[in-house]
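The values are calculated or read from the model by the stated rules, or taken from the named source; none is laboratory data. Remember, predicted model here, so these are calculated numbers, not experimental data. Please note: Cβ atoms are built from the backbone with ideal geometry, for glycine as well, and neighbour counts cover all protein chains shown. Heavy atoms of the whole protein, side chains included, go into the accessibility calculation; ligands, DNA and RNA do not. Shrake-Rupley method; radii C 1.70, N 1.55, O 1.52, S 1.80 Å.
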Amino acid sequence: MQEDPDIKPPTTLPAPLADVVSLPRAVRFGALLLAVLVAGAAFAAPTFADHPEGESDAGISAVVSRSAFTEPDAHLAHNVSDLRVTVGDDEVDCNFLAHYDATGGVTRWGFATSEVVIERPGTLTQYYQRGVVDCQARDGTWRLERRLAWDYLGGGLGGAPDLGVEPDLVSEQDGLPLGPWGHRVSNFAVDGAPIGFLDVFVSLGGLEAFGLPKTDARRDDHPEAMLGIEGADPGVTRQYFQAAVFEHRPDSAEPVRLRFLGDAVRDRVYPFGSHQVFSSFRSAQPLRQGQRYVPEGASVRDALAALYEATDGANWNNHTNWLSDAPLGEWYGVTTDDHGRVVELDLSQNQLSGAIPAAVGRLTSLKRLSLWGNQLEGELPAELGFLANVTLMSFWNNHLSGEIPASLGNLTKLEALSLTINSLSGAIPSELGRLTNLEFLYVSQNRLQGEIPAEIGRLAKLRHLNLKLNRLEGEIPPELGRLANLEQLTLSGNRLHGEIPAALGRLVSLEWLDLESNQLRGEIPAALGDLTNIQWLYLAQNHLTGAIPTELGHLANLRALAFGGNQLTGCIPVGLQDVPETDFSDLGLPICGGEG
């Protein structure tokens, strides 16, 4: 496949093919193409939502045996059900409601925060406020198993294989000893204070519900305590288990309380709120006995299938192996790593049409997303902000509309973003200022309005910034002068006004500066003479006045410049007469006699 012209490494001229603007003829003739591939970022560990692929989730459906529905508020409107599940040719029972009731019900688990979802092949999962339960095959038998929260949230202390214990803080109180770390469940804290943890532990399901104790009951501010909840009141007596945390608050009407670890595990599995991609995590309607229930698939395979359906996959130029049982790495345009995780999706110039579905946000191990050169329309889904590992994202040359999602500011590993040649509108979100690893930002040839966010000046690694041919207004932020690594700054063809900031003279790496065809006023700053690496300087078609600073005559690397269409006076510094490509014939100004 060809490369996106916007995302290519610089050769001699830092201007992408799609970004050669309307310049004087001599300058246009000298414009070259650039050619680079942005390297991927370091590998990041996958979440459960992005599992190794090799089997399909197809063929799993269920019938509701019985169900309980709660709706304490819209967020918690969910069913807890017993399901008769059909898996291929087999039928198994996944009785979430029976397990919920037998292990403490709402007191132990809180309310359900999701419906049953297929999070991994061959596994049904339901999330609750205080935990997570999986129904899956284990040693040839399907069973319900609670997920061990501290495998996700523990501190990795004390040499524990499951992340965190306190080997040196052991209670001498009477109680039930459990596990290999010498801890026990007791009705008394380490200091002898009565807390009632053992009674609650036994009444709500014991080991099956909570797992093994990781600590004894003690205050988080005990001198030997190692595990603690960040930001919580340290005076509360707590005991940490594999699947829960008990709290004792002596002045409360509810002296023993359980922490909401289910939400914490969910947020670790689905970072940046990406669980919102799935309808199963939004409010549901009551299920009826005997009703057929098809769990929503949260796998990568399902997400790719959703993209295929939403973008008319049957009419792609190439859809080899899509929707088949072949390994995902054999689907056209899909690249997987050694563990089967989808790390690249390149469907550029492949006749995709329709809207990008929110399900793309499920591809949480994705490092490169290239959908340029298609006929995609509609808005960029906010769920793209869930792709926490992505380093390159290109939608160049489509028909996308709507605003740039502020959620893209979550993509802190992003190195290159290309949105050139679309119909995007609205303002450039200031949240893009959080993309501290960004090197290439191309959003030219759209319908963007408003001011250039000053927050762009925080992108210390930025090398190319191209915002040309939009409807941007306001002044050029002087904060852009902080971009010490910037090589190309292209703001031409907008409605920018005010003066050219002298702060741009601090861009010591700048090779290309294009401010043509705006409404800029005032004099050309003498500080531009400090741009010792500048090769292409375009200030034509503005309302600039005054003389050309003599300091520009010392720019020894200049290859092309354009100053026409202004109201400049005086003479042309003698040092500029050797620049190969200029529009001096349009200026009507003499060469300064002997000045340098």
- Under-5 Å amide H pairs with Gly378, H placed in peptide plane, nonlocal only: Ser401
- Please report, in whole Å, how far the alpha carbons of region 76-152 spread along each principal axis, starting with the longest. 36, 26, 21
- Item | Per-residue ³J(HN,Hα) for region 166-173, Karplus 6.51 cos²θ - 1.76 cosθ + 1.60, θ = phi - 60°, Hz, x for Gly and Pro | 10, x, 9, 10, 10, 6, 9, 6
- Item | Net charge of Cβ neighbours under 14 Å - reference Leu483; Lys, Arg +1; Asp, Glu -1 | 0
- Cα long-axis angle, helix 300-310 against the chain (0 to 90 degrees, to the nearest 10): 50
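Out of every Cα-Cα pair in region 304-384, what percent are more than 17 Å apart?
Details: 1331 of 3240 pairs.
So the portion of pairs separated by more than 17 Å is 41 percent.
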- Mind giving me the nanometre distance, one decimal, between the label points for Glu379 and Arg84, set 7 Å out from Cα along Cα→Cβ? 4.3
- Item | Two-site label geometry, Ala355 and Ala102: point separation in nm, points 7 Å out along Cα→Cβ | 4.4
- If you roll a 1.4 Å probe over region 410-451 with all protein chains in place, what percent of the accessible area is carbon or sulfur? 38
- Using 0.36 nm per residue of separation minus the Cα-Cα distance, give me the extension gain between Asn557 and Thr569 in nm, one decimal. 1.9 nm
- Query: Taking amide hydrogens as modeled 1.01 Å from N in the peptide plane, which residues meet the under 5 Å criterion relative to Ala427, leaving out close sequence neighbours?
  - Reply: Gln449
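Under a 1.4 Å probe, what is the accessible area of region 410-554 per residue, stated in Å²?
Averaged over the residues of region 410-554, the accessible area is 33 Å².
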- Note on the structure: Calc'd 3J(HN,Hα), region 480-488, phi into Karplus 6.51 cos²θ - 1.76 cosθ + 1.60 (θ = phi - 60°), Hz, glycine/Pro = x, comes to 4, x, 7, 7, 5, 9, 5, 10, 9
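Give me the percent relative contact order of the chain, please, defined on Cα pairs under 8 angstrom at least 6 residues apart.
The value is 9 percent.
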- Task: Cross-chain or 8 or more residues apart, Cα under 21 Å: how many lysine pairs in the chain fit that? Count them up, please.
- Result: 7
- Note on the structure: Taking placed amide H atoms and a strict 5 Å upper bound, the residues 5 or more places from Asp93 or on another chain that come that close are Val85
- Approximate shape of the chain as ellipsoid semi-axes (Cα gyration tensor, √5λ), whole Å, largest first: 59, 29, 19
- Of 433-444, 134-145, ordering from highest average Cβ density within 10 Å down gives 433-444, 134-145
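So how much slack lies between Asn315 and Ala193, counting 0.36 nm per residue of separation and subtracting their Cα-Cα distance, in nm?
Result: 36.9 nm gained on full extension.
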- To the nearest 0.05, the calculated FRET efficiency linking Ser61 and Arg521 through their beta-carbon distance, R0 being 56 Å, is 0.25
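Looking at the chain only, what percent of DSSP beta bridges run antiparallel? Nearest 5 please.
Details: 51 of 104 bridges.
Counting DSSP beta bridges with both partners in the chain, the antiparallel share is about 50 percent.
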